[in-house]
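Taking it in order: structure first as structure tokens, then the write-up.
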Amino acid sequence: MWATARSSHNIDVMATGADAVVIGGGVIGLSAAWEAAQRGLSVCVVDPAPGHGASWVAAGMLAPVTEATFGEEPLVRLALAASDRWPGFARRLEEAGADPGFRACGTVVVAADASDRAAVDRVLAYQQELGLEVRRLSASECRALVPALSPGVRGGAAVPGDHQVDNRRLVAALLAACDAAGVRMVADRAEAVIMAGGRVSGVVLAGGPPLTAGTVVVAAGAHSSGLGGVPEGVLPPVRPVKGHVVRLRGPASAPLLEQTLRGLVHGRPCYLVPRQDGTVVVGATSEERGFDLSVQAGAVHTLLDDARTLLPGVDELELVECIAGLRPGSPDNYPWVGPTVVPGLAVATGHYRNGILFTALTADAVATFLERGAVPPPLDAYPPGRALEPAAHTP
Ligand SMILES: Cc1cc2nc3c(=O)[nH]c(=O)nc-3n(C[C@H](O)[C@H](O)[C@H](O)COP(=O)(O)OP(=O)(O)OC[C@H]3O[C@@H](n4cnc5c(N)ncnc54)[C@H](O)[C@@H]3O)c2cc1C
């Protein structure tokens, strides 16, 4: 239950606590808060700029198959489970009056040259071995599906089950749904947790009065390891993995592209994700540069060059935005969802390159944990305290 008082500055002051305070209002924190509020819990989200972290920058691909990487079979299974949740999750948001822009458009993969074709075929064989839904395509079959493709493209594959959501609409939808469900948003930065009697009982804010809560959930994306007041080694070691994205725009009435297009261009991965409003999101680089959000000319140049190699019509689109974001990476590429060893402190982070895909699955896991004290399968297999093996493959 909430109990609030009004300060002389006309700001809500939390006199007593919420069931849960979520630190971080990206897709992970917002969806978890919404899901928990739907189950009758009182929830507060703390974030100075909700929705403007990696969740704002992302391409929004829901891609369990095209993200499948050698040596990561359990992650593929987890990603498929996450993908299965999406249609129902999108429907529930729509019913709440907040359309997240889910689009069941499928994906076409293409290769720019002969060695790209060989690499695409190797991955295709691996995906087929795993029983994933993917079909080899000749160059002319690719062009039949994507008429604007370059005539030089060497063929590829159809991946009908990899879809997309407009991540910026998703953020807006979650903010609206949270508001409607009674989630309190506090526009502030969490500096530290409050420890009392060996357990976490609240959060110290940079600008406002402290918040008390039954459980504090850290969902601060790439910043999740940096919270003060937590004993050493309790929070998982999230690292920022930088990615550049370029946003282009064409006429919505005559889209250049109807499906997500993923390509390999002289060994470099490139994707183009078309939105219904004519926007095309081109991505993405993957760089280990710490907390650096600057946009490099070279990265933008390479993305545009690779995009126009696959789809020459890109030249006619308007360049509307170049931006970089930080994926919350984990050493083994699996997320962390659930309680830490400190009572009252839980985490939902480390979703790396799949956080949009994992939104619905994680939200349910966090809400179930808050409600019943246990994380449900399949995310229960990846607890915050697990032993960490380095990833088999880090792109
Ligand atoms: C270039 C790029 C492309 C991507 N493409 C895809 C894709 O196609 N599909 C996919 O599934 N995933 C994709 N991702 C990954 C995905 O964006 C992330 O995994 C996901 O957004 C993580 O969500 P989050 O809520 O954990 O973090 P974020 O969205 O980063 O949110 C964290 C929030 O925490 C807040 N915060 C930080 N510190 C504090 C603090 N001390 N107090 C209060 N608040 C704080 C921040 O303000 C921020 O709003 C991409 C990422 C990038 C960078």
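The values are calculated or read from the model by the stated rules, or taken from the named source; none is laboratory data. Keep in mind that this is a model prediction, so the values were computed, not measured. For neighbour counting, all protein chains shown are included, and Cβ atoms are generated from backbone atoms with ideal geometry for every residue, glycine included.
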TODO: Scan the stretch 52-70 and report the pairs whose first residue is within 7 Å of the ligand (Cβ to nearest atom) and whose second residue is assigned to a loop (DSSP other than H, G, I, E, B) and among the charged types (D, E, K, R), with Cβ atoms within less than 7 Å and a gap of 6+ or a chain change.
DONE: 60/166; 61/162; 62/162; 63/162
- [ ] Mind listing whichever residues of the stretch 305-332 are assigned to a strand (DSSP E or B) and buried (at least 17 other Cβ atoms within 10 Å of the Cβ)?
- [x] 322, 324, 325, 326, 327, 328, 329
Task: Qualifying positions in the stretch 333-360 - away from the ligand (no atom under 12 Å from the Cβ), assigned to a loop (DSSP other than H, G, I, E, B) and in contact with a strand residue (DSSP E or B) (Cβ under 7 Å, 6 or more places away or on another chain) - done: 340, 342, 343, 344
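Whether any residue in the stretch 63-84 is assigned to a loop (DSSP other than H, G, I, E, B), closer than 27 Å to residue 267 by Cα and not assigned by TED's automatic domain parsing to the domain that holds residue 382 is what I want to check.
Checking the stretch 63-84: not a single residue is assigned to a loop (DSSP other than H, G, I, E, B), closer than 27 Å to residue 267 by Cα and not assigned by TED's automatic domain parsing to the domain that holds residue 382.
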Open item on the list: Among the numbered criteria (1) in contact with a helix residue (DSSP H, G or I) (Cβ under 6 Å, 6 or more places away or on another chain); (2) surrounded by fewer than 23 Cβ atoms within 10 Å (Cβ to Cβ), which one does residue 367 miss?
Closed with: (2)
Open item on the list: Under 6 Å between Cβ atoms, which residue pairs at least 6 apart in sequence (or on different chains) link something in the stretch 86-112 that is over 29 Å from residue 264 (Cβ atoms) and among the hydrophobic types (A, V, I, L, M, F, W, C) with a partner that is modelled with pLDDT of 95 or more and assigned to a loop (DSSP other than H, G, I, E, B)?
Closed with: 90/100; 93/100
Open item on the list: With the structure loaded, tell me whether residue 150 is farther than 22 Å from residue 273 by Cα, of a type in the set (Ser, Thr, Tyr) and not assigned by TED's automatic domain parsing to the domain that holds residue 167 or whether it fails that test.
Closed with: no
Open item on the list: Given the options 169, 184, name the one that is touching a Cys at 6+ places or on another chain (Cβ under 6 Å) and within 16 Å of the ligand (Cβ to nearest atom).
Closed with: 184
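Is it the case, given these coordinates, that residue 147 is over 23 Å from residue 36 (Cβ atoms), out of contact with any Phe, Trp or Tyr (no Cβ under 8 Å at 6 or more places or on another chain), touching a residue at least 40 places away in the same chain (Cβ under 8 Å) and not aliphatic (A, V, I, L, M)? Step through it out loud before you land on a result.
On the way: over 23 Å from residue 36 (Cβ atoms): yes; out of contact with any Phe, Trp or Tyr (no Cβ under 8 Å at 6 or more places or on another chain): yes; touching a residue at least 40 places away in the same chain (Cβ under 8 Å): no; not aliphatic (A, V, I, L, M): yes.
No: the conditions fail for residue 147.
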Task: Complete set of residues in the stretch 130-162 that are under 25 Å from residue 86 (Cβ atoms) and of a type in the set (D, E, K, R) - done: 133, 135, 162
TODO: Among the residues of the stretch 87-102, write down those that are in a strand (DSSP E or B) and surrounded by fewer than 21 Cβ atoms within 10 Å (Cβ to Cβ).
DONE: none
Task: Residues (outside any strand (DSSP E or B) and more than 10 Å from the ligand (Cβ to nearest atom)) located in the stretch 187-203 - done: 197, 198
Task: The lone exception for residue 302 - which of (1) farther than 30 Å from residue 371 by Cα; (2) part of a strand (DSSP E or B) it fails - done: (2)
Open item on the list: Among the numbered criteria (1) outside the structural domain of residue 63 (by TED's automatic domain parsing); (2) under 25 Å from residue 303 (Cβ atoms), which one does residue 253 miss?
Closed with: (2)
- [ ] Inspect the stretch 273-286 for any residue being within 20 Å of residue 256 (Cβ to Cβ), surrounded by fewer than 22 Cβ atoms within 10 Å (Cβ to Cβ) and touching a Ser or Thr at 6+ places or on another chain (Cβ under 7 Å) and give the result as yes or no.
- [x] no
- [ ] Would you be able to say whether some residue in the stretch 321-328 is away from the ligand (no atom under 11 Å from the Cβ) and in contact with a Leu (Cβ under 7 Å, 6 or more places away or on another chain)?
- [x] no
Task: Residues of the stretch 133-167 classified as among the hydrophobic types (A, V, I, L, M, F, W, C), farther than 15 Å from residue 260 by Cβ and surrounded by fewer than 19 Cβ atoms within 10 Å (Cβ to Cβ), total - done: 2
Open item on the list: Being out of contact with any Lys or Arg (no Cβ under 9 Å at 6 or more places or on another chain), closer than 24 Å to residue 292 by Cβ and either aromatic (Phe, Trp, Tyr) or crowded, with 22+ Cβ neighbours inside 10 Å (or both): is that true of residue 335 here?
Closed with: yes
